[in-house]
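What follows is a single structure, and I will ask about it in a moment.
The values are calculated or read from the model by the stated rules, or taken from the named source; none is laboratory data. Just so we're clear, the structure is a prediction, and the values are computed from it rather than from any experiment. Backbone-built Cβ (ideal geometry, glycine too); neighbour counts: all protein chains shown. Accessible surface is based on the protein model in full, side chains and every heavy atom, while ligands, DNA and RNA are left aside. Shrake-Rupley method; radii C 1.70, N 1.55, O 1.52, S 1.80 Å.
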Number of protein chains: 2
Amino acid sequence: MKIRHEIYDLAILGCGPAGLSSAINATIRNKKVIVIGSEICSPPLHKAQKVANYLGIPNESGGELLEKFMDHALSMNIEIINSKAEAINEVNGIYSILAGNELISTRTIIIATGVPYRSTLPREQFFLGKGLGYCATCDGPIYKGKDVVIIGHSHEAENEANFMAEICNKVYFLPIYKEPGKVDPKIEIVKSQPVRIIGEEYVEGLELEDGVIVKVDGLFVLGAETAPDRLIPGLEISDNHIRVNRNQETNLPGVYAAGDCTGPPYQIAKSVGEGQVAGLNASKFSTNS
Amino acid sequence: MKIRHEIYDLAILGCGPAGLSSAINATIRNKKVIVIGSEICSPPLHKAQKVANYLGIPNESGGELLEKFMDHALSMNIEIINSKAEAINEVNGIYSILAGNELISTRTIIIATGVPYRSTLPREQFFLGKGLGYCATCDGPIYKGKDVVIIGHSHEAENEANFMAEICNKVYFLPIYKEPGKVDPKIEIVKSQPVRIIGEEYVEGLELEDGVIVKVDGLFVLGAETAPDRLIPGLEISDNHIRVNRNQETNLPGVYAAGDCTGPPYQIAKSVGEGQVAGLNASKFSTNS
């Protein structure tokens with residue numbers, strides 16, 4: 001575990017349009033900013049063939065736009081790390097963010113993590129904490145010497161699967177994204193779609209599309225965006241999105257949200273605008289705190 | 001008076017970042033859109049030497065950005081007229097907008113008129129309708145054969161001053177903007193700053209910085225942006241700005257607002273984002289109405 005001893009004014013979760021807009025606006029206000037992003041900053045935008053409604057840049061692909069956005073942020077020497085916030089807690093007005101193997105301290109947070117993850121399996125929420133988990137490094141040790149199945153939503157899940165392979169008896173890995181990379185040869189790759197969780201009170205297995213049931217003690221859903229209210233306990237959610245007011249304030253002091261995670265329309269200009277408002281208001285808050 | 005007989009889906013007041021963003025988004029939704037703008041679409045942005053915080057376009061002057069924005073809108077063949085809304089009323093869900101000498105009918109309106117005009121003279125609001133007016137073509141005829149003083153906020157005031165020169169006995173014109181153009185030679189140009197309105201119940205004159213009192217029957221403040229709640233009766237204002245929710249809806253059905261007129265921060269990305277949300281929601285409303 002690496003601990004960053006300096007306290008940031010602002011930590012931004014997400015490097016899509018909302019996150020980067022927050023970052024440039026707070027940086028212009030001379031704030032110490034860190035962006036905790038992932039490899040692809042906005043998967044939905046990355047896939048857009050053509051974007052015509054971001055005023056001033058009439059006709060580029062989503063990928064080209066993202067590159068322009070990233071170039072803008074990098075031209076201001078903004079610190080961007082490729083990592084993912086896994087847990088956040090607050091003591092005396094300072095938030096500690098566990099991201100990968102780092103601990104980051106900050107006065108304010110902007111959540112800009114994009115379209116929120118929705119449970120995809122029936123009764124997924126019921127089994128949460130009853131054999132189902134979203135963080136291997138957090139809950140993994142419970143399954144030492146046992147069998148688990150991992151549903152991987154992105155390449156990020158591979159590292160976590162490898163971590164589990166070291167401590168578990170047997171790891172099944174079910175990648176539901178394109179072109180999965182290599183994992184520990186001890187891991188058994190499953191090429192099917194998950195259909196439902198087997199079990200009464202606790203997870204006992206996972207039924208697949210082809211009818212096969214994988215019998216396990218634990219099920220992990222990894223590499224998907226962590227639901228914000230699991231990340232920051234007490235964060236108010238409304239209709240699966242983070243509840244914010246017109247200042248982009250959430251119900252928690254010093255915690256702001258911007259972009260798709262605050263609700264539709266899922267559009268770039270809306271995200272960039274909200275990112276700006278969040279960035280300016282977080283800057284003001286960090287000065288006064 | 002020219003009456004446009006077709007009914008627009010959306011009329012946008014203002015051609016700054018919020019107005020143009022609304023326009024491109026509604027046009028992409030195949031809506032029939034008209035933008036009622038002025039010669040300089042966003043005077044504060046037009047003056048900005050450098051803008052660094054509009055994500056994706058890192059380093060241009062305000063003027064260059066405005067040009068990019070306008071080019072984007074024109075590339076979509078959006079109809080933009082150089083005029084100003086002076087009065088709006090609603091019958092059976094259709095709004096009629098009096099703009100210059102045209103009457104425009106529309107299902108929805110987006111107000112994107114920028115930083116709201118603030119009364120600058122003491123007791124200005126008190127004298128409104130008691131010898132003080134904001135629209136020459138509306139109230140002018142009352143002053144036929146009488147003396148009036150006009151405080152001009154922009155070049156737009158010159159046409160109105162010329163109109164008054166035709167009907168009044170004497171017109172004093174006090175331009176408080178840079179490089180005023182030529183007006184009717186019958187008009188007496190006053191080169192001083194206004195200090196206070198003279199009168200008890202009605203306007204009797206205007207006191208100037210140099211101590212001179214111009215005795216008149218009427219006072220007009222022209223070429224400034226019309227306060228939105230004077231434009232649309234019943235529009236809810238909060239702290240001098242149009243009250244909107246996160247959908248950019250005002251308290252009136254089919255009427256949206258975006259950008260500086262909804263409150264600070266007075267920033268481009270915020271305006272463009274709000275314009276997008278207003279444009280998309282107005283499009284939806286016009287489809288259902």
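Calculate the tail of P(r) for the stretch B:5-62: the fraction of all Cα-Cα distances greater than 17 Å, expressed in %.
It works out to 50 percent of all Cα pairs.
Hey, which lysines would be in cross-link range of residue B:182, C-alpha to C-alpha under 24 Å, not counting anything within fewer than 8 residues on its own chain?
B:47, B:84, B:144, B:146, B:170, B:191, B:215
If the elastic network links every pair of Cα atoms under 10 Å, which of A:114, A:218, A:259 fluctuates the most in the Gaussian network model of chain A?
Answer for the Gaussian network model of chain A: A:218.
Compute the normalised compactness of chain A: alpha-carbon radius of gyration over 2.2 N^0.38 Å, N being the residue count.
Normalised Cα radius of gyration, chain A: 1.03.
If you don't mind, another one. Over chain B, average the accessible area per residue using a 1.4 Å probe and give it in Å², no decimals.
45
Still on this structure: Mind checking the stretch B:146-178 for trypsin sites (Lys or Arg not before Pro) that DSSP puts in a loop (not H, G, I, E or B) and that have at most 10 other Cβ atoms within 10 Å?
Sites meeting the loop and neighbour criteria: B:178.
Calculate, in nm to one decimal, what residue B:200 and residue B:128 gain on full extension: separation in residues at 0.36 nm each, minus their alpha carbon distance.
24.6 nm
Near the amide H of residue A:205, under 5 Å away, which other amide H atoms are found, from residues 5 or more places off or on another chain, if H is placed in the peptide plane?
Close amide H contacts, sequence-distant or interchain: A:198, A:216.
Using a label point 7 Å beyond Cα on the Cα-Cβ vector, give me the inter-copy distances for residue B:179 in nanometres, one decimal, shortest first.
When each copy's label point is compared with this one, the spacings are 5.5 nm.
Here is a further query. Running a GNM on chain B with Cα contacts under 10 Å, which residue among B:117, B:177, B:95 ends up with the highest mean-square fluctuation?
Maximum fluctuation in the GNM of chain B, among the listed residues, is at B:177.
Using a 1.4 Å probe on protein heavy atoms only, how many Å² of accessible area do B and A hide from each other, summed over both chains and rounded to 100?
Using a 1.4 Å probe, the pair buries roughly 2700 Å².
Quick check on my link table: of A:130/A:178; A:31/B:50; A:2/A:284; B:2/B:284; A:68/A:270, which ones sit more than 24 Å apart, alpha carbon to alpha carbon?
In this structure, A:130/A:178; A:2/A:284; B:2/B:284 exceed 24 Å between Cα atoms.
Restricting to Cα pairs below 8 Å that are 6+ residues apart, what does the relative contact order work out to for chain A? Please round to a whole percent.
After rounding, I find 23 percent.
Determine the share of chain A's accessible area contributed by carbon and sulfur atoms, expressed in whole percent, with a 1.4 angstrom probe.
49
May I ask for the Kirkwood hydrodynamic radius of the stretch A:180-267, worked out over all distinct Cα pairs and given in angstroms to one decimal?
When all Cα pairs of the stretch A:180-267 are included, the Kirkwood radius is 16.5 Å.
Here's another thing I want to ask about it. List the residues whose amide H sits under 5 Å from the amide H of residue B:80, counting only those 5 or more places along or on another chain, with H placed 1.01 Å from N in the peptide plane.
So residue B:80 has HN proximity to B:35.
With the Cα gyration tensor of the stretch B:1-122 in hand, convert its eigenvalues to equivalent ellipsoid semi-axes via √(5λ) and list them largest first in whole Å.
Over the Cα atoms of the stretch B:1-122, the ellipsoid semi-axes are 27, 19, 11 Å.
Just to compare against my own numbers: the Cα pair-distance distribution for the stretch B:69-144, 10 Å bins, whole % per bin, please.
Percent of Cα pairs in each bin: 13, 33, 35, 15, 3.
Here's another thing I want to ask about it. Considering the convex hull of the alpha carbon atoms of the stretch A:219-267, report its projected area averaged over all viewing directions, in nm², one decimal.
So the Cα hull casts an average projection of 4.3 nm².
Which single residue of chain B puts its beta carbon nearest to the axis of rotation relating B to A, and what distance, in whole Å, does that give?
Smallest Cβ distance to the axis, with its residue: B:273, 1.
Less than 14 Å Cβ to Cβ from residue A:231, Lys/Arg counted +1 and Asp/Glu -1: what total charge do the surrounding residues give?
Net charge around residue A:231: -3.
Using 7 Å Cα-to-Cβ label points, what is the residue B:46/residue B:118 separation (nm, one decimal)?
So the label points at residue B:46 and residue B:118 sit 2.2 nm apart.
Could you tell me the center-to-center distance, by alpha carbons, between the stretch B:61-104 and the stretch B:232-289 in angstrom?
15
Grab the Cα-Cα distance for residue A:247 and residue A:79, subtract it from 0.36 nm times how many residues apart they are, and report the gain in nm with one decimal.
That works out to 58.0 nm of additional length.
Give me the accessible area of residue B:284, 1.4 Å probe, in Å² rounded to the nearest 10.
130
Would you kindly calculate the mean projected area, averaged across all directions, of the convex hull enclosing the Cα atoms of the protein assembly as shown, in square nanometres?
Averaging across all directions leaves 31.1 nm² for the Cα convex hull.
Now a separate question. Which distances, in nm and shortest first, link the residue B:89 label point to the same label point in every other copy, taking 7 Å along Cα→Cβ?
6.6
Still on this model: Could you sort A:46, A:241 by their accessible area in this structure, using a 1.4 Å probe and putting the largest first?
So, going from the largest accessible area down, we get A:46, A:241.
I'd like the mean, over residues of B:15-27, of how many other protein chain beta carbons sit within 10 Å of each residue's own Cβ.
For peptide B:15-27, the averaged partner shielding equals 3.
Calculated from DSSP H runs of 4 or more alone, at -39500 (n - 2.57) each and per residue, what is the 222 nm mean residue ellipticity of chain B, nearest 500?
Using -39500 (n - 2.57) per qualifying helix, the result is -7500 deg cm²/dmol.
Modelled label-to-label distance, residue A:103 and residue B:163, 7 Å Cα→beta-carbon offset: nm?
Modelled inter-label distance: 7.0 nm.
Could you name every residue in the stretch B:72-111 that has 40 Å² or more less accessible surface in the full protein assembly than in its own chain alone (probe 1.4 Å, ligands and nucleic acids excluded)?
B:72
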